[in-house]
1. Taking a label point 7 Å from the Cα of Glu636 along the Cα→Cβ vector, which residues of segment 555-598 have an amide N closer than 16 Å to it?
2. In the chain, what percent of the accessible surface is made up of carbon and sulfur (1.4 Å probe, ligands and nucleic acids excluded)?
3. Compute the distance from the alpha-carbon center of segment 315-383 to that of segment 1045-1087, in whole Å.
4. Using modelled backbone amide H atoms (1.01 Å from N, in-plane), which distant-in-sequence or interchain residues come within less than 5 Å of Ser419's amide H?
5. Pairs of Cα atoms under 8 Å, at least six residues apart: use those to get the relative contact order of the chain, whole percent.
6. Rank these residues by their accessible area, most exposed first, probe 1.4 Å: Lys450, Lys919.
7. With both partners inside the chain, how many of the DSSP beta bridges are antiparallel, as a percent to the nearest 5?
8. When the Cα centres of segment 10-37 and segment 808-842 are compared, how far apart do they sit, in Å?
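The values are calculated or read from the model by the stated rules, or taken from the named source; none is laboratory data. If you're wondering where the values come from, they're calculated on a predicted model, not measured in any experiment. Backbone-built Cβ (ideal geometry, glycine too); neighbour counts: all protein chains shown. Heavy atoms of the whole protein, side chains included, go into the accessibility calculation; ligands, DNA and RNA do not. Shrake-Rupley method; radii C 1.70, N 1.55, O 1.52, S 1.80 Å.
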Amino acid sequence: MAFPLSVDDFKKFVLLNINNRLGHDVRAKVLPVLEGYGSYEGLCEKLKTNIHSGINPDEVAQRQEHYGRNYIEQKPLTPFWKFCWDALQDPTLIFLSCASVVSIIIGTVFEPIECLGWLDGLAIMVAVIVVVLVGAIQESSKEKQFRALTDKASDDLVNVIRAGTQKQVSNRDVVVGDVLVLSTGDIITADGLVFERNTLKIFEGALTGESHAISKGPFEFKEKGHFEVPPDIDLQQMNVLPEGTPEERRAYYEPTPDKTPLVFKGTEVQDGEGKMLVIAVGNNTYEQILLGDKEDDEDDEGSGRSILQVKLDSMTMLITKVGAFFGIGIVIILFIRFGILFANTECCKEEWNNAVHNSQWIGFIITGITIFVVAVPEGLPLAVTIALAFSVRKMMTDQNMVKTSSACETMGSATTICSDKTGTLTTSMMTVMQSWVAGSKCEPKDVAGKYSDEVKSSISHAMTINTSEKTDIVAKTNKKIVDGKEVEEPVNDPNTGKYMIAYSGNATECAMIKFVNQLNGFDGNPGDASMPYKKIRNNFPESAEGRAAITFSSKRKRMSTLVPWTAGGFRLFTKGASEMVMSLCTTYLDSDGSTKPLDDATRKSLEDDVINEFASQGLRTISVAYRQFEASPAAEDGSLPEATETELVLACIVGIEDPLRPEVPDSVQTCRNAGIVVRMVTGDNLATAKAISRKAGILDPAKEASGDELAMTGEQFRTRVLSDQNSETPERCIIQSEMDAIWPKLRVLARSTPTDKLVLVTGIQKSRLVVDGYTRQVVAVTGDGTNDAPALKQADVGFAMYINGTQVAQQAADIVILDDNFQSIVAAVKWGRCVYDNICKFLQFQLTVNITACTIAVVGAAVLTESPLKVIQLLWVNLIMDSFASLALATDDPNRVPGLKEQLLNRKPYPRTQALLSKIMVRNMFAHALYQLLVLFILIFCIGDVCEAGATINECGGVPYWRAPIDVGIRSGRPADYDLINLPADVKCIDAYKQDDPSTYWYVRDMPLDASGDTFEGAIPIRQRTYCEEQHGCGERSIHMTIVFNSFVLMQIFNEINTRKLHGEMNQFAGALYNDWFIRVMVGTLASQVVLVQVPGINTAFGCSGLDWAQWLVCVAIGASELLVHYLCALLPYEWIPLGSWAGSMDDATLDETAEEIRAEMAAKEKGAGNTPGDVEMSGVPQQVRN
C-alpha cells in the first residue's frame, strides 16, 4: 500500500502550525498548505482512511512499516563493568595503573623480597581500584534511581474506530490513519487532527506552556471587533506587518484562533468528546521532534567530563610532566655520579660487582619513579569523586535528584537561568488572586471571615452551579508499581501535611470552586466529600429536572445556568468577561445580603478601581451574577434564550491567574544577589508575561522604562536573530550580532515556541559579549514540559520538575527537582559553589603535600643519594592520607555550617575561565610548603650523630665521629653514602684487596683450616665479600628517619585544618565541628599514624621504628606549629602572584573547544548507554502523577 504523504511531510506541517499560532499567520502560512493537501478530507484520502469508519485492521502492519510504530523500545540498564570501564578512562587513573604495574614488576623481579618493593605498586593499584569502584557504584546507583523514577507502565488501552466499529487497542498498536475516540481525562497517545464537530478542550501546558485548555476543531477565527487589539508597540514586537503603518497593523492583526485542529501526543483531554485523525506516532511525534539530538558527532566516544574536571586533568598532566622531568633528571644525575665514583675508584666502586651495582642501578630507577609518583596528585580523582558523590546524596535532601554528576559543580558557575513560567515559576493551577465581593475589595484568604453567611451562600451557589461537574478538585497522586501492579498514592504537601491539590477539568472553573472552598473556610484534604462545592453539586445535580444552560462562546464571552431554586422559583447564574457581564447587571449584592442599584458612578468605580486594577496586575477578571425568576424562562424545548441574561445582580468580580509559587520572588532575589540573571520564557501573551515577571522580580519596571531590561515576543525574537526561521535546526541559523544586541537586556520572552527557548539558550552560550565581567555565560534552564526538552539538553545544566513534569523533560534534564520548588534551583546553586570550593580546599591541601614531598624526594636523591622518606611512606601520605583528607575537605555541608550558605550565595559566580588556584591559595600552598621544608631539612641534616652502632642501630657504640648541631642523643638515620663525608679517613671505607698494598689484607701463616691439621698461609682481604652489599641493602628502621616521617605527616594533618579556608579567613576552626567527616578523619588519621609507627610488624612494612612519649611530644608540637603559620601566612601579600594555565586557568578559545567536545562526548555516551530520552517508552506526560 502506497501513501502519497511521507513522515517528513507531516513533520513539516506540524512545525508550521507550531511556529505560526496567531490568526493572521495561520491565514497566510498554514491554511495554504492545508488547502494544498485538499483540506481535511484530502488528508483522509491521502492516508486512505475515513473519519467515520477508520482504517481496515488488516492494514496495521503496512502502516507501521511506512509510518513507524507507536512504541519506543527501552534499552537495558548499563552493565556495571561498563561504568567501571568508563571510570577508568580518566587520564590520571590510566597513568597510575601503568605506574602501578611497572612498580610491581620492578619491586618483585629486581629487588630483594625482604625489601617489600612490590608493596608500592600494590598500594597504587588499590587506590585506583577504590576510585574506579566508587565512581562506578555512584553512576550505577544514579541510573537505577532515575530509571525507578521514570520507568512507568504506558501500555494503556485507547478507543479507536476500525472497519466502522469502535474498539479498544493498546496505545502501542495505534497507527497513522487511525481514528481515535477521545473523552475527558484521556492522555493523547499520538499526534493528530480534529476537524469534526466536537466539544474537546485539550490542556497543552506541558507542551506549549499555555495555562488554559484549548478548544479543538477546524480553525475558527475570532470575529473582527470582538477582540482587543494590542498597542502598536506590542504589534511591532510581535512582528506584525513590520513595514506597515499602525493602522494597517491593527487591521491585519488577528489573535490566536478560538479553535485549532492540531492535537499532540502527551497532552490531556480536559473536557468534552470527539474524534482525532492520527498523523504521527512514536519517534515521529512532535514531542520526539523536540528531543532530536542536536549534536554533530554522536559517534564519538568520551567520558563526558565537566570543565572543572578537564581543568584538573590539565593540571594533573602538567604536574606529571614536571614530576617526570625531575624524576628523569635525578636518575641521570645519579648515573652520572655513579660513573664519576667509578672513574675515581671510590669505596665499593673499584670494580663492577653484579650483586651490588645492578641493585644500585635499579634503585636509581626506583628513586626516579618515586619522585614521579610523589609529584602526581594521586588522591585528586578520588577527592573529586567523593565531593560529587557527597553532594549528589545531600542534594537529594534538598529535593534535587542529580542525573549528571558534573551538573553539580557546573551550577556553581551559572550566570543565567532561563525559566519556563507555567509549573516552574507558577503553580500551574489557576487561582483567584483578588476579589470584589458585596461592594468592597478583599483578599481571597479574608473572604470567609468578612461576609455574612447569606452573601457567601449566594456567591458559592453562583460559582458552583454554573460550572461543569467534570471540573473537580482532587488529591494529587503518585503512580507506582507495587508487586507488579500499578497503584496511585496521594502526594502529601510537606508544608501542611495534607494532600497536595490537583485540578481535574477546566482550570478557570477549578479556580472558581477552589474559591468556594476558601469562601466557606474549608481546611480539609482535596477530594474530600465534605468540600463545600460538592455539597452544593449534590443539591443541584446536572440531571435535575428544569435545569437549562447557555454555553460559553468567544463571541458572547459568558455562560449561564438556570436551576430550580430551593426557596422557590428558578435562579439563573451567569459568569464571564467582567465588562460583558457587568453591562447586563442593574444591581449588586451588598454585604448584608440585600441588593443595591448599580448606577453609573458605581460602574465607573468598578471599571477603574477593580477591573482595570486587576487587569494591570495581569489578572483575568471574571464577573459572577445571578437573577431570580418566579417561573422558568426556558423554552419548551429546554433551551434558554439570551434575553434572560438581563437585570442581573452582580455578586462578585474575581481576578484569576496561574499564581507565582510563594517562594519565587525571594528565590529570584537570591539569584540576583548571587550574580545570576533569571529570564522567563513562556507561551503566554506579552501582557500576562510582563505582569508575572514583575511580581517575581524578574522584570524591573524602572529598568524596563529606561531600556535596561526588555520584554519581547517570540516572533519578534525569531525575526531578529534567525537567518532562516523555517530551518529544522534553527539554533545553527543564529545571527550572533543581533542576539548580542538583545540577550543582555532580555528578561521576558512571551508567546514563545519551544524553538525560541532553544535558540535563546544556544545564542547566550555562543555569545562572547562581556557582560558583568564574564566573557562566557553558563546557562541553566528550568522546565516541566515536553516543549522544554531541547533547551534542557542544550543548556549547561537542565532542571526538570518531577511532580508536574513530563517524563520527556525529566529524561532530557541533568537534575530533576523533586518538589517542583523554584527554591530548589537556588539550593542547586548553593551546592554547585560548595562543591567547587570543597574541591579547591582539597586541591590546596594536596598540592601543599606534593610540593613538600616532591622537594624532599628530589633533594634527598640529589644530596643524600636516596629519599629520606621511603616510597611506602610517601604513598601513605599521597594515597591513603589524602583519600581520608578528601572525605574531610570535600564534605562541608552548607546546610549545617553556620553562615556558609549566605557566604556562597552572596558572591558572584566563578568564571569558567578562572584558574582553579587563586592567588591566596598559591600563597598559602608555597608558604606552608616552605615552612615544612625548613623544618624537615633541620630534622634531616641537623640531628643524628654519625657513629658506630651500639646495642641497637639507634644508639652510638662509642664517641661519635661527628656530633649533630642539635644533640638529641640518637644515631643518624641518613644514608651511609652521605654520612661518609663525616667519617675519619681510616674508617670511611675498608679498601678493596690490592696485592701490592699490605694495608688491604692480613697475611697469615700456619692458620689451621680444620681438625685434620691442615693449615693456611697467605693474604686474607680485610674487606669481606658482603661488605658492599651490606652498605647498600634495604636500609634500617631508624628513629631519626621515623621522626622525620612522623613530623612530616603531623604537619600535613594540622595543615588540613588550615586548608579549610580559601579566601584569607583568619579563623581556620570556624565551622569545623559541624563537619562530622572532618572530625572522624582527623581522629582516624592520627590513630592510623600512631598504629603504623608504634605497632610491630606494621611499622616494619612502613620502615618505621617505635618512638617514646618525648619524641611523640616533639613531633606533635612541630605539627601543631602549622596552626600558627596560618596566621603569619594571612599577613603576606598575594596580589603580585601571576596566575596562568599552570594554575588551572583556561582561555576562551580553549574553553569553547573543550565545551563542545564535552557536549558531544556526553551525547555519544548517553546514546551508547541507552539513556537518551528518545530511547525510553513513554506517553510524554507525567505518568507518575494523575490529577
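1. Answer for this model: none.
2. Values: 26610 of 47900 Å².
For the chain, the apolar C and S fraction of the accessible surface comes to 56 percent.
3. Taking the Cα centre of segment 1045-1087 as reference, the centre of segment 315-383 is 33 Å away.
4. Sorted by chain and number, the residues that satisfy this are Arg679, Met680, Val681, Thr782.
5. Details: 2266 pairs, mean separation 171.4, N = 1187.
For the chain, the relative contact order is 14 percent.
6. On the way: Lys450 105, Lys919 70 Å².
Output order, biggest surface exposure first: Lys450, Lys919.
7. Details: 90 of 119 bridges.
Of all bridge pairs located within the chain, approximately 75 percent are antiparallel.
8. 40
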